[in-house]
Amino acid sequence: MAEYLFCIFILQTSSPMKNKNIHVAHLSSVHQADDLRIFTKEACSLAKAGFKVSLVAQAEKDERKRDVSIYHLHRVAKRRHRIFRLWDIWRMVRQLKPKLIHLHDPELLLLAPFMKQRFSIPVIFDAHEIVAKDIRSKYWLPVWLRPVLANIYSILERVLFTWIDGLVIVADRFVADYAAFPQNRIAVVRNYPVFAETAAIKNAKNRAKLIYVGRPTPIRGVEEMIRALSMVVHYNSVLELIGPVDEVYKRELSKLIGKYNLADRVKITVTTDQEHISRALQEAQIGLVLNYPVPNHLDSLPTKAFTYMMNRLPLIASDIPIWKNVIEKVGCG
């Protein structure tokens with residue numbers, strides 16, 4: 001977290017002794033308020049360093065947690081509906097009057113010019129992924145439309161980036177994707193798990209439990225996990241999928257589970273609660289990370305793989321070179 005804090009210090013030209021006078025607002029139109037990266041790694045780290053921190057994200061209610069003030073947005077059923085949250089977030093920023101804004105979703109970049117002109121404060125964008133590459137892998141978009149939208153987004157992003165003061169990325173190798181952005185204003189906050197969240201002791205179980213932690217999507221191999229489980233008929237094995245999922249895709253998965261008569265062996269748990277995830281990991285025997293070899297997966301290491309390792313779980317993973325090198329070197333899958 002040091003690099004992230006350094007980025008904040010540079011933008012504010014402030015010393016740590018003055019942190020309590022700096023109000024940082026984290027804004028997200030789609031992430032849950034308890035998102036590990038946003039809440040634990042960034043918001044809580046800033047609060048611990050003495051900053052006043054607000055977080056606007058999807059939650060059930062307003063609350064104060066670990067010295068972070070959470071302001072709730074009602075949950076949206078579909079990710080594409082989040083664009084309609086821009087007005088709600090804009091109104092919230094006007095009320096909070098922060099000294100620095102940290103954006104977590106690409107559509108929020110549309111607000112950057114207005115925030116800069118209206119409030120004259122630093123704006124940071126957190127690139128959780130390389131969006132243009134991600135668009136090319138969107139399963140729900142027509143194949144012919146994906147490169148068109150990816151190119152349009154790339155152009156729009158370059159324009160909107162002229163209005164932001166700092167960029168946070170998830171891996172060093174992503175720096176090349178933002179070569180046009182001032183390199184001294186890029187901070188790397190890696191998506192590694194927090195060691196304190198993992199359990200030290202594993203419990204023996206009668207059933208072989210496989211686990212997947214993360215947002216279930218087709219390009220993350222979730223359907224292959226279900227089909228593979230249907231082939232393992234001679235073992236007492238179960239699968240739990242844990243993470244946020246939209247209702248439409250959840251229904252599709254439920255149909256697939258029903259097709260293979262796996263209702264008693266596959267469980268979909270829609271949550272990002274870290275306590276629940278920690279308990280589920282303690283009960284599991286194998287961690288799954290079966291991402292497709294799409295651009296955003298080829299040059300980054302998945303957080304969940306390290307989470308499984310730290311919980312002493314062997315992995316079943318995709319044969320992606322950068323993953324294979326780590327897994328074979330460590331001998332964990």
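List the number of the failed condition for residue 267; all other conditions in (1) outside any strand (DSSP E or B); (2) under 24 Å from the mean Cα position of the chain (by Cα) hold.
Looking at each condition in turn, residue 267 falls short on (1).
Per-residue answers, yes or no, for (1) of a type outside the set (A, V, I, L, M); (2) touching a His at 6+ places or on another chain (Cβ under 8 Å); (3) buried (at least 20 other Cβ atoms within 10 Å of the Cβ):
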| position | (1), (2), (3) |
| --- | --- |
| 89 | no, no, yes |
| 101 | no, no, yes |
| 120 | yes, no, no |
| 138 | yes, no, no |
| 149 | no, no, no |
| 163 | yes, no, no |
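Conditions (1) over 16 Å from residue 214 (Cα atoms); (2) in contact with a Pro (Cβ under 8 Å, 6 or more places away or on another chain), marked per residue:
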| site | (1), (2) |
| --- | --- |
| 268 | no, yes |
| 279 | no, no |
| 283 | yes, no |
| 287 | no, yes |
| 291 | no, yes |
| 295 | yes, no |
| 302 | no, no |
| 312 | yes, no |
| 316 | no, no |
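With the structure loaded, tell me whether residue 76 is at pLDDT 95 or above, among the aliphatic types (A, V, I, L, M) and assigned by TED's automatic domain parsing to the domain that holds residue 101 or whether it fails that test. Even if it seems obvious, please write down each step before you answer.
Working: at pLDDT 95 or above: no; among the aliphatic types (A, V, I, L, M): yes; assigned by TED's automatic domain parsing to the domain that holds residue 101: yes.
Judged against the criteria, residue 76 is not a match.
Residue 109 versus (1) within 20 Å of the chain's Cα centre (by Cα); (2) modelled with pLDDT of 90 or more; (3) closer than 30 Å to residue 292 by Cβ; (4) surrounded by fewer than 18 Cβ atoms within 10 Å (Cβ to Cβ): which is the lone unmet condition?
Result: residue 109 passes all but (4).
Between 138, 205, which is in the same structural domain as residue 35 (by TED's automatic domain parsing) and at pLDDT below 85? It would help to see each step written out before you state the result.
Working: 205 fails: in the same structural domain as residue 35 (by TED's automatic domain parsing).
Result: 138 is the single residue among 138, 205 that is in the same structural domain as residue 35 (by TED's automatic domain parsing) and at pLDDT below 85.
Restricting the search to segment 162-177, which residues are of a type in the set (Val, Ile, Thr) and either assigned by TED's automatic domain parsing to the domain that holds residue 297 or assigned to a helix (DSSP H, G or I) (or both)? Write out each step before concluding.
Going residue by residue through segment 162-177, those that are of a type in the set (Val, Ile, Thr) are 162, 164, 168-170, 175.
Result: 162, 175.
Return the residues of segment 226-245 that are polar (S, T, N, Q) and outside any helix (DSSP H, G or I); say none if nothing qualifies. Write out each step before concluding.
Residues of segment 226-245 polar (S, T, N, Q): 230, 236-237.
Listed by number, the residues that qualify are 236, 237.
So residue 22 fits all but one of (1) within 21 Å of residue 167 (Cβ to Cβ); (2) touching a residue at least 60 places away in the same chain (Cβ under 8 Å); (3) under 16 Å from the mean Cα position of the chain (by Cα); what number is the exception?
Result: residue 22 fails condition (3) only.
Given the conditions (1) loosely packed, with under 13 Cβ neighbours inside 10 Å; (2) under 25 Å from residue 130 (Cα atoms), report the number of the one that residue 276 does not fulfil.
Condition (2) is where residue 276 drops out.
For residues in segment 119-140 being assigned to a helix (DSSP H, G or I) and touching a residue at least 24 places away in the same chain (Cβ under 8 Å), which is nearest to residue 24 (Cα to Cα)? Outline the logic, then answer.
Within segment 119-140, the first condition is being assigned to a helix (DSSP H, G or I), and the residues that meet it are 119, 131-135.
Remaining after also requiring touching a residue at least 24 places away in the same chain (Cβ under 8 Å): 119, 131-134.
Details: 119: 13, 131: 24, 132: 27, 133: 29, 134: 28 Å.
My answer is 119.
Can you tell me which residue among 159, 143 is assigned to a helix (DSSP H, G or I) and surrounded by fewer than 19 Cβ atoms within 10 Å (Cβ to Cβ)? Steps first, answer last, please.
Working: 143 fails: assigned to a helix (DSSP H, G or I).
Residue meeting the stated conditions: 159.
The values are calculated or read from the model by the stated rules, or taken from the named source; none is laboratory data. These numbers come from a predicted model, not from an experiment. Positions of Cβ are generated from backbone atoms using ideal geometry, with glycine treated the same way; all protein chains shown enter the neighbour counts.
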